[in-house]
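The values are calculated or read from the model by the stated rules, or taken from the named source; none is laboratory data. It should be emphasised that the depicted structure is a prediction, and the values quoted were computed from it without experimental measurement. Cβ atoms come from the backbone with ideal geometry, glycine included; neighbour counts cover every protein chain shown. Protein only, heavy atoms only, side chains kept; ligands, DNA and RNA dropped before computing areas. Shrake-Rupley method; radii C 1.70, N 1.55, O 1.52, S 1.80 Å.
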Amino acid sequence: MPFTPFHFGPGLALKGVAAPMFSWSAFVAAQVLIDCEPLYYLVHQEYPVHRFFHSFLGATAGGLVAAILCLVIVRAAGISFPSLVAPLMGSTSTARGEVSSLGILLGGLAGGLSHPFLDGIMHPDVRPFMPWSDHNPFLGLIGVVPLHLACVAAALLGAVCVTLWRFRSARRAG
Ligand SMILES: [Zn+2]
């Protein structure tokens, strides 16, 4: 990985671009789920630590599973606590994106698809195109420090944009 939380930055940038139709929560869930793979192999000291779930195929599957889990949680919460979840659907565009089915699906998928790319830049054992190819064209595309700085910059940019979305919603409501 870039250490898992660094992945959250590009997700926040995407949230900033498309807040009403993008769930950052589902994006984050996808990162955590996918990085259970290297965690498992590191704990068991089995190498390589980046395997199927760090290919585009596996990470997309992981992202979909994360999205389904998020959908189940949101729907279950909607049934159990309707007074808490229902207002979110009609509130700010930022909140709507977090709980809508489309937002959750897009968040999970984007989370899955971005993961092998970012990890592939810094980890030699990532094979983004497995099972078809062992080649990793992303390796060394940029240095590890610039990669992490780019993730932080994306987070800051995303935070500013999300704040602007919230201001816009608040102004409309007011
Ligand atoms: Zn990873």
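Quick look at the numbers
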read-out: Relative contact order (%) - the range 54-174, alpha-carbon pairs under 8 angstrom, separation at least six; value: 30 percent
read-out: Mean ellipticity per residue at 222 nm, deg cm²/dmol - from DSSP H runs of n ≥ 4 across the chain, formula -39500 (n - 2.57); value: -23500 deg cm²/dmol
read-out: Order of exposure, largest accessible area first, which applies to Cys70, Cys36 with probe 1.4 Å; value: Cys36, Cys70
read-out: Among 132-143, 50-61, 22-33, the order from most to least packed when residues are scored by Cβ within 10 Å on average; value: 22-33, 50-61, 132-143
read-out: Gap separating the Cα centres of the range 122-174 and the range 1-33, nearest whole Å; value: 8 Å
read-out: Electrostatic dipole magnitude of the chain [Cβ: Lys, Arg +1; Asp, Glu -1; Cα centre; debye, to 20]; value: 900 debye
read-out: Carbon and sulfur %, accessible surface of the range 53-174 computed with the full protein complex present, 1.4 Å; value: 77 percent
read-out: Per residue accessible area in Å² of the chain, where ligands, DNA and RNA are left out and the probe is 1.4 Å; value: 53 Å²
read-out: Most to least packed among 98-104, 74-80 [average Cβ atoms within 10 Å]; value: 98-104, 74-80
read-out: The range 85-174 - Rg and Dmax from Cα coordinates, angstrom; value: 17.8, 55
read-out: Among Ala110, Ala67, Ala159, residue whose mean-square fluctuation peaks in a GNM of the chain (springs only between Cα atoms under 10 Å); value: Ala159
